[in-house]
């Protein structure tokens, strides 16, 4: 996933997984900065930011915050209403855009997220249930840089979320314990619950489900076997996407938000001809 | 004393195992001593879905909680949007 000396940007939510990931990477000696996105979801967002900042300040780490309201004039609840999309969908596309952008602008070698085995198995279940061919082809722990996207890695994919929570307790890491109020009842949690029920009767099934897919079935869904889209640069912000205007700029259009600033360098965002499987990968 | 499914709620008595939970935040009391597995069964919680925490450290699943123990049951399940 990484090489010694790589600069890594960790997407920090203030929750157990991202803070555990940041802590583990630091312990391993990597040069790691954090990025927190304030989603404007009431106390949940401000409290989450508190834990992210507390972690960073206690260790003298660099943490950048992007505030959706002040920088883009919208928040997730407003974006969800304006776009008539589920809050988790609007949240996901916003964070993907902003994390990708920050990783590219900051010249980081990789963008790391705290997705764990439970997350990935639940996403896989959702994608299999709907046979989301393109999403399945993207569901891998490492996506190489290319096509205007940064390298993306999920170092915790072998750990259950119980293990990341336990790690935080044992390391004395305080994290956000409340769940997002807008996530209640989403499909992703339903898939997790279903898998936990199966795991209860058949221990190890989540691991064999996800890694069996990685080892044996993923090639069936890669670019050779499924539909591909050629990433093109958004005519407004320069980000890579599937249309003339990227999903984030289309969201801003609907919310009346501020357009993002143009790319720092067209060299890192120029139109490429290789689809490398970046973008959303889950049905939550 | 309010009783919910055999659990005595906020009684504040000694000789009870006090268990704090979240979402919603509440404290339940159980007759002690009680095994962690028994406690989880009474609360209909899966072992894989919670941590049992006492004095800032983890309590093993096969532990026995003495009568005056105070523990936190912390859910480990989180979920929402992609892109963390």
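The values are calculated or read from the model by the stated rules, or taken from the named source; none is laboratory data. Predicted model only: the values in this text are computed from it and were never measured. Cβ coordinates were reconstructed from backbone atoms using ideal geometry, including for glycine residues, and neighbour counts include every protein chain displayed.
Among the residues of region A:8-48, the ones that are away from chain B (no Cβ under 13 Å) and more than 18 Å from residue A:180 (Cα to Cα) come to 12 in all.
Name the residue that is surrounded by the most Cβ atoms within 10 Å (Cβ to Cβ), counting only residues in region A:33-46 that are farther than 17 Å from residue A:87 by Cβ and touching a residue at least 40 places away in the same chain (Cβ under 8 Å). The residue in question is A:35. One residue stands out in region A:199-212 among those that are farther than 13 Å from residue B:49 by Cβ and in contact with a helix residue (DSSP H, G or I) (Cβ under 6 Å, 6 or more places away or on another chain): the one that is nearest to the other protein chains (Cβ to nearest Cβ), namely A:205. All of A:122, A:112, A:83, A:78 fail the test of being touching a helix residue (DSSP H, G or I) at 6+ places or on another chain (Cβ under 8 Å) and within 9 Å of chain B (Cβ to nearest Cβ), apart from A:122. Of the residues making up region A:168-190, those that are modelled with pLDDT of 95 or more and at the interface with another protein chain (Cβ under 10 Å from one of its Cβ atoms) number 6. How about region A:140-158: which of its residues are within 11 Å of chain B (Cβ to nearest Cβ) and either surrounded by fewer than 22 Cβ atoms within 10 Å (Cβ to Cβ) or over 25 Å from residue A:237 (Cα atoms) (or both)? A:154, A:156 - these are the residues of region A:140-158 that are within 11 Å of chain B (Cβ to nearest Cβ) and either surrounded by fewer than 22 Cβ atoms within 10 Å (Cβ to Cβ) or over 25 Å from residue A:237 (Cα atoms) (or both).
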